[in-house]
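The values are calculated or read from the model by the stated rules, or taken from the named source; none is laboratory data. Just so we're clear, the structure is a prediction, and the values are computed from it rather than from any experiment. Here the Cβ positions follow ideal geometry from the backbone for every residue, glycine too, while neighbour counts run over all protein chains shown. Accessible surface areas use protein heavy atoms only, side chains included; no ligands, DNA or RNA. Shrake-Rupley method; radii C 1.70, N 1.55, O 1.52, S 1.80 Å.
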Amino acid sequence: MGLETSLRPRRRRSSQINLVPMVDVLMVLLFFFLLSMQFGDLRALNISLPNIETAGENTVTDTMIIQMDLEEQIYLNNEPVTEEFLIAAVTAQAGINSETPVLLAMDEEISIKDLTRIIDICRANGLQRVRLQSE
């Protein structure tokens with residue numbers, strides 16, 4: 001009988017990997033690294049950011065197109081205009097429909113100061129939906 005029981009195939013227990021302890025360890029490691037990480041202070045950089053006085057929400061499609069080249073020439077819908085004409089056109093368009101979207105297509109070398117000046121013109125005269133064109 002002893003021999004008979006030892007020759008009988010034993011049922012193998014199926015091996016299982018318990019994932020709960022592994023997930024617990026990974027969560028502890030994640031929290032440790034997040035808490036011990038040094039976050040950089042952006043104010044430590046010596047950058048003078050422009051002031052956008054009329055900053056707000058700006059969601060847009062594409063209707064009114066304002067462009068500026070390297071010589072700081074302003075174009076409204078592909079026509080060269082002066083800054084005074086642009087102000088008048090933006091004010092007139094805002095009087096017709098203040099939800100008119102504005103797309104700014106500026107040369108990549110245009111300064112932030114010039115870019116924010118155009119954004120301020122749009123927002124101060126009633127057009128809040130301003131977006132920047134990129135490639």
Practice task
Give the residue that is nearest to the chain's Cα centre (by Cα), with candidates limited to residues of the stretch 23-63 that are modelled with pLDDT of 85 or more and open to solvent by less than 100 Å² (accessible area, probe 1.4 Å).
Solution key: LEU30
Completion exercise
Output for Cβ contacts, cut-off 9 Å, separation at least six or different chains, first residue at positive phi in the stretch 111-135, second open to solvent by less than 30 Å² (accessible area, probe 1.4 Å) and among the aliphatic types (A, V, I, L, M), reads GLY126/VAL90; GLY126/ALA94
Completion exercise
Subset of the stretch 92-113, residues surrounded by fewer than 15 Cβ atoms within 10 Å (Cβ to Cβ), assigned to a helix (DSSP H, G or I) and of a type outside the set (A, V, I, L, M, F, W, C), comes to GLY95, LYS113
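So which residues in the stretch 68-82 are hydrophobic (A, V, I, L, M, F, W, C) and exposed (fewer than 11 other Cβ atoms within 10 Å of the Cβ), if there are any at all?
The one that is hydrophobic (A, V, I, L, M, F, W, C) and exposed (fewer than 11 other Cβ atoms within 10 Å of the Cβ): LEU70.
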Handout entry: Only listed residue being touching a Leu at 6+ places or on another chain (Cβ under 9 Å), among the hydrophobic types (A, V, I, L, M, F, W, C) and at pLDDT 85 or above, chosen from ILE121, ILE87, ILE96
Key = ILE121
Exercise for the section: Output the residue which, of all residues in the stretch 114-135 that are in a loop (DSSP other than H, G, I, E, B) and not hydroxyl-bearing (Ser, Thr, Tyr), is most open to solvent (accessible area, probe 1.4 Å). Expected result: GLU135
